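*Asks:* This is the structure, below, for whatever I ask next.
The values are calculated or read from the model by the stated rules, or taken from the named source; none is laboratory data. Everything numeric in this text was worked out from a predicted model, so none of it was measured. Neighbour counts run over all protein chains shown; Cβ positions are idealised from the backbone, glycine included. For the accessible areas, the whole protein counts, side chains as well, though only heavy atoms, and no ligand, DNA or RNA atoms are used. Shrake-Rupley method; radii C 1.70, N 1.55, O 1.52, S 1.80 Å.
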Amino acid sequence: MAMGLVAVPETAWFEIDERYPAELAERARLLTEQRAEVYGAEPGSQKARAETLTLLIEHLTRVHPDWFERDGTTIFNHLTGEHWDIAAFDPLELAGRLVQEDLCLIETSPEGPRLTAAMLCFPSRWRLHEKLGHPLAEVHGKVPFYGERLARPVDRFMAHVRVGHIAGRLNWSVMDDPTLFQPTGKWRTAHDATITEQYAGGRLFLRVERQTLRRLPASGAVLFGIRVHVYPLAKAVTSPAIAACLAAAVRALPEEMAHYKSLPMFQAALLAWLDRFAASSHPR
């Protein structure tokens, strides 16, 4: 259990790739059909939400001027053909309609860093309405070992994030569902007999979160970005060395963490598939 932080260049703050059109369309659909599940804001977070949009638009129009353009109060997205009246939208919602990342705002409170607003379209098995308004220690309260090993380092880091510095980290899981919007699914133990060693490569998916943290200079809030990548296991594991590495990582998980990630459902088949690949003499 470690934060595993690295520095992120300012130009790489947000990712834009070939999945951009499809993921932006999915974000718009979720806002229309399940807004209460994917957007929430506490009273008093307006300043941080407005600053998020201002900083994000400045970044996108400077780093990607061919794709994003601002004209007065209108932002043009040339990748999707859309344009938005900045004044007509909640600023955090509009920010979340421009990037593939989910956006969470964390602000200082007497109880510690607190989640005060979020645009969360692609949760990895957690519900925004259950976490909004709570300190990070409570947000992560059910994560095994978080309270003992990470709560204080995370709170300390949040208090000392420097303006102008972007920190990044990665988080991974193996899942049986490639859906981006996954508000539930932790702690499952029922064995799935349909996921066998033979079919694990096509039935399981490596889900990776690329997380970034940046201090907003005016409000003092920390903007926490989460970009989700999902790949079929057979496409993510491309060599015996990678298979061996992932197998070792799965085996190193304490039982509590494996249970939290719902790995018992298919762990035997996953490890058998990885071990067979790791023992092969040629990459795929």
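*Asks:* Could you tell me which of the residues 118, 159, 190, 137 is more than 30 Å from residue 64 (Cβ to Cβ) and touching a helix residue (DSSP H, G or I) at 6+ places or on another chain (Cβ under 6 Å)? Outline the logic, then answer.
*Replies:* On the way: 118 fails: more than 30 Å from residue 64 (Cβ to Cβ); 159 fails: touching a helix residue (DSSP H, G or I) at 6+ places or on another chain (Cβ under 6 Å); 190 fails: touching a helix residue (DSSP H, G or I) at 6+ places or on another chain (Cβ under 6 Å).
When all the criteria are applied, what remains is 137.
*Asks:* Give 114, 125 a once-over and let me know the one that is on the phi > 0 side of the Ramachandran plot and touching a strand residue (DSSP E or B) at 6+ places or on another chain (Cβ under 6 Å).
*Replies:* Working: 114 fails: on the phi > 0 side of the Ramachandran plot.
Of the residues listed, the single one that is on the phi > 0 side of the Ramachandran plot and touching a strand residue (DSSP E or B) at 6+ places or on another chain (Cβ under 6 Å) is 125.
*Asks:* Could you list all residues from segment 270-284 that are open to solvent by 50 Å² or more (accessible area, probe 1.4 Å), in a helix (DSSP H, G or I) and of a type in the set (Gly, Ala, Ser)? Walk me through how you get there before you give the answer.
*Replies:* Residues of segment 270-284 open to solvent by 50 Å² or more (accessible area, probe 1.4 Å): 275-276, 279, 281-284.
Pick out the ones that are also in a helix (DSSP H, G or I) and you get 275-276, 279.
Listed by number, the list holds a single entry, 279.
*Asks:* Shifting gears a bit: Here's a check for you: in segment 218-235, which residue that is under 18 Å from the mean Cα position of the chain (by Cα) and free of Cβ contacts under 8 Å to residues at least 40 places away in the same chain is surrounded by the most Cβ atoms within 10 Å (Cβ to Cβ)?
*Replies:* Looking at the filtered set, the residue picked out is 229.
*Asks:* Next up: Can you find a residue in segment 10-29 that is of a type in the set (Asp, Glu) and in contact with a Leu (Cβ under 6 Å, 6 or more places away or on another chain)? If you could, list the steps in order and put the result at the bottom.
*Replies:* Of all residues in segment 10-29, those of a type in the set (Asp, Glu) come to 10, 15, 17-18, 23, 26.
Of the ones still in play, those that are also in contact with a Leu (Cβ under 6 Å, 6 or more places away or on another chain) are none.
The answer is no; no qualifying residue exists.
*Asks:* Evaluate the following for residue 236: is it aliphatic (A, V, I, L, M) and farther than 30 Å from residue 140 by Cβ?
*Replies:* Answer is no for this residue.
*Asks:* For segment 35-53, give me each residue that is touching a residue at least 12 places away in the same chain (Cβ under 8 Å) and closer than 15 Å to residue 97 by Cα.
*Replies:* Once the filter is applied, which keeps residues that are touching a residue at least 12 places away in the same chain (Cβ under 8 Å) and closer than 15 Å to residue 97 by Cα, segment 35-53 yields 38, 39, 40, 49, 50, 52, 53.
*Asks:* If you scan segment 239-269, which residues turn out to be open to solvent by 20 Å² or more (accessible area, probe 1.4 Å), outside any helix (DSSP H, G or I) and either more than 14 Å from residue 173 (Cα to Cα) or in contact (Cβ under 8 Å) with a residue 60 or more places away in the chain (or both)?
*Replies:* Residues satisfying the conditions are 239, 254, 261.
*Asks:* If you don't mind, there's one more thing I want to ask. Residues being farther than 18 Å from residue 260 by Cα, among the charged types (D, E, K, R) and either loosely packed, with under 15 Cβ neighbours inside 10 Å or without any contact (Cβ under 8 Å) to a residue 12 or more places away in the chain (or both): count how many of those fall in segment 159-201.
*Replies:* Counting residues in segment 159-201 that are farther than 18 Å from residue 260 by Cα, among the charged types (D, E, K, R) and either loosely packed, with under 15 Cβ neighbours inside 10 Å or without any contact (Cβ under 8 Å) to a residue 12 or more places away in the chain (or both) gives 1.
*Asks:* Among 170, 180, 150, which is within 25 Å of residue 247 (Cα to Cα) and out of contact with any strand residue (DSSP E or B) (no Cβ under 9 Å at 6 or more places or on another chain)? Steps first, answer last, please.
*Replies:* Details: 170 fails: out of contact with any strand residue (DSSP E or B) (no Cβ under 9 Å at 6 or more places or on another chain); 180 fails: out of contact with any strand residue (DSSP E or B) (no Cβ under 9 Å at 6 or more places or on another chain).
Selected residue: 150, the only one of 170, 180, 150 that is within 25 Å of residue 247 (Cα to Cα) and out of contact with any strand residue (DSSP E or B) (no Cβ under 9 Å at 6 or more places or on another chain).
*Asks:* Just to verify a result, which residue in segment 36-48, among those that are over 18 Å from the mean Cα position of the chain (by Cα), assigned to a helix (DSSP H, G or I) and not hydrophobic (A, V, I, L, M, F, W, C), is nearest to residue 131 (Cα to Cα)?
*Replies:* 46
*Asks:* May I pose another question? Answer with yes or no whether residue 81 is in contact with a helix residue (DSSP H, G or I) (Cβ under 9 Å, 6 or more places away or on another chain) and among the small types (Gly, Ala, Ser). I'd like the intermediate steps shown before the answer.
*Replies:* On the way: in contact with a helix residue (DSSP H, G or I) (Cβ under 9 Å, 6 or more places away or on another chain): no; among the small types (Gly, Ala, Ser): yes.
Spelling it out, it is not the case that residue 81 is in contact with a helix residue (DSSP H, G or I) (Cβ under 9 Å, 6 or more places away or on another chain) and among the small types (Gly, Ala, Ser).
*Asks:* Further, regarding this structure: What strands (runs of 3 or more DSSP E) completely inside segment 61-158 contain at least 3 residues that are open to solvent by 40 Å² or more (accessible area, probe 1.4 Å) and either closer than 27 Å to residue 15 by Cβ or modelled with pLDDT under 95 (or both)?
*Replies:* Answer list for segment 61-158: 68-71, 82-85.
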